[in-house]
Amino acid sequence: MLGDSLEQAVFVSEESVNRRRLNTGLVSHTSSRHSAGAQISEKTCGDVDDARAGVNRNSGVSHEPTITRYCYQRGISVIVAMFPLLLKKAVYFEGFMMIIVTGATGALNGATVHHLLHTLPASEIVVVARDAAKAARFAERGVEIRTGDYADPDSLPAAFAGADQLLLVSSSDPRSDAVGLHRSAIEAAVAAGVGRILYTSHQGAAADTPFGPGRDHFATEQILAESGIAWTSLRNGFYAHSLNWCLADWRETGVIRVPTDGAVSWTAREDAAEAAARILLSDGAYDGPVTLTASKAPTFTDIASIATSVAKHSVEIQVLGEDEWIAAQVDSGQQEFMARFMLGMYQAANRGFFAGTDPVLGDMLGREPRTVSDLLESPATDR
Ligand SMILES: NC(=O)c1ccc[n+]([C@@H]2O[C@H](COP(=O)([O-])OP(=O)(O)OC[C@H]3O[C@@H](n4cnc5c(N)ncnc54)[C@H](OP(=O)(O)O)[C@@H]3O)[C@@H](O)[C@H]2O)c1
């Protein structure tokens with residue numbers, strides 16, 4: 001099927017169209033919820049015609065995609081990258097599971113890898129980093145480090161090759177085209193034959209949320225749903241340590257200033273990281289969106305009460321209104337872009353996007369997730 005000429009016709013039976021990817025020659029399973037239609041990852045090679053256009057499900061013989069030299073080279077690079085893995089699989093075989101993690105040089109997925117290392121041998125974990133030097137602490141423990149950057153799609157298929165599960169971090173740059181970056185990563189995962197993608201999403205992911213990243217997460221979940229790959233979306237509650245930024249100098253001033261009030265299920269990043277490891281180790285028990293939140297969603301008025309009892313002096317809430325709050329942020333040195341970005345969070349809270357709580361995180365951890373009181377009782381080290 002793969003040749004050196006620029007274009008060759010490929011004829012396949014209906015059964016193979018329904019069950020196998022065509023463009024790199026890799027074979028992979030798909031989740032049962034997505035296996036009903038033809039599963040063809042034609043978008044991974046942008047210069048291939050839409051393969052689905054030629055699929056006649058009744059006759060089963062008229063599918064005519066073309067495979068270019070570019071696709072051929074991409075396929076070969078994945079196969080070369082998979083060779084050591086196949087060797088490992090041959091050695092361990094029974095029970096061998098390959099988990100590949102992006103974003104492990106960051107706080108969330110870095111903590112998840114540490115949790116995984118409590119249970120799995122390092123040989124079953126691969127870390128993909130933009131800068132391999134930043135992942136040295138994992139290399140020292142025997143974890144394989146590969147380089148990959150969502151902004152460099154050619155770096156990704158080989159980086160993701162061999163993954164039974166791929167933990168995909170969401171972009172951390174609010175100025176980037178996050179959805180475009182996530183799409184590149186998902187397409188590369190499909191091309192590499194990854195078994196399941198786990199994506200770090202956010203509670204309240206929705207097309208109509210005023211919080212920008214929430215819209216990006218929702219769009220990414222749509223891409224996952226349409227990708228044909230098995231996927232899990234880890235809809236983490238808002239990071240509790242972000243509250244230190246929102247509350248600013250409340251300890252000194254006794255005042256919490258917000259543009260508008262609303263409930264948020266402030267959730268410890270450490271708890272979300274531990275849950276991600278448990279979900280990875282469950283090997284497919286969680287499918288689609290999973291909401292991971294603390295057990296309560298206090299409003300800022302509630303938080304002023306909690307702060308009062310923690311500080312043992314009165315802490316009051318001032319709801320400034322949006323314009324006055326933005327002006328105060330800019331006066332205090334905040335970039336207006338970032339102030340408006342955070343305003344979206346308050347607006348989403350006010351409209352209830354972060355107000356839900358779900359017992360699944362506590363159930364998974366076997367304990368109460370960390371609370372806002374826990375956060376306020378410890379010194380503010382992470383804003
Ligand atoms: N739930 C919430 O409240 C909340 C709050 C803030 C952020 N988030 C999201 O959660 C994610 C993880 O949080 P975190 O605290 O671990 O963030 P973090 O410490 O800033 O780490 C972000 C990680 O993503 C990697 N990354 C960024 N852009 C990438 C790209 N184009 N290709 C490959 N890797 C890339 C970074 O790699 P480098 O080390 O090379 O930079 C880093 O490892 C964030 O990226 C963000 O999308 C959620």
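Points to keep in mind about this one:
- Applying the Karplus relation 6.51 cos²θ - 1.76 cosθ + 1.60 with θ = phi - 60° to the range 335-341 yields 3J(HN,Hα) values of 5, 4, 4, 6, 4, 5, 4 Hz, where x marks Gly and Pro.
- J(HN,Hα) series, the range 234-247, from Karplus relation 6.51 cos²θ - 1.76 cosθ + 1.60, nearest Hz, glycine and proline x: 8, 7, 6, x, 4, 4, 4, 5, 4, 4, 4, 5, 5, 8
- Cα-based radius of gyration of the range 340-381 once divided by 2.2 N^0.38 Å, which approximates compact folds: 1.51
- Close amide H contacts of Ala205 (hydrogens built in the peptide plane, cut-off under 5 Å, sequence separation of 5 or more or a different chain): none are found.
- Rounded to the nearest 20 debye, the dipole magnitude of the range 146-208 is 160 debye, with +1 charges on Lys and Arg beta carbons, -1 on Asp and Glu beta carbons, and the Cα centre as origin.
- Ordered by the number of other Cβ atoms lying within 10 Å of each residue's own Cβ, fewest first, Glu252, Glu144, Glu316 fall into the sequence Glu252, Glu316, Glu144.
- 5 angstrom amide H check on Phe211, placed H, neighbours 5+ away: Ala348
- Per-selection Kirkwood Rh - the range 242-383 (Cα, Å, 1 d.p.): 16.3
- Point-charge dipole on Cβ atoms (K/R +1, D/E -1) for the range 286-370, about Cα centre, debye to 20: 300
- Amide proton proximity set for Glu144, modelled H, under 5 Å, gap of 5+: Ile125, Val127
- Karplus-derived 3J(HN,Hα), 6.51/-1.76/1.60, for each residue of the range 255-272, Hz, glycine and proline x: 10, 10, 10, 9, x, 7, 9, x, 8, 9, 8, 3, 10, 5, 4, 4, 5, 4
- When only Cα pairs below 8 angstrom with a gap of at least 6 residues are kept, the range 264-383 shows a relative contact order of 44 percent.
- Binned Cα-Cα distances of the range 166-254, short to long, each 10 Å bin given as a whole percent: 16, 44, 24, 11, 4, 1
- Sorted fewest first by neighbouring Cβ atoms within 10 angstrom, Val101, Val315, Val128 come out as Val315, Val101, Val128.
- With the charge dipole of the range 295-383 set up from +1 on Lys and Arg Cβ and -1 on Asp and Glu Cβ about the Cα centre, the Cα lying farthest toward the positive end among the listed residues Ser332, Phe353, Met364 is that of Met364.
- Fewest-first sequence of Trp325, Trp266 by Cβ atoms within 10 Å of each Cβ: Trp325, Trp266
- Ranking Ala297, Val319, Ala277 by how far each Cα lies toward the positive end of the dipole of the range 191-322 (charges on Cβ) leaves Ala277 at the top.
The numbers here are math on the coordinates, done by the rules we state, and not lab data. The shown structure was predicted, so the numbers you read here are calculated from the model rather than taken from an experiment. Positions of Cβ are generated from backbone atoms using ideal geometry, with glycine treated the same way; all protein chains shown enter the neighbour counts.
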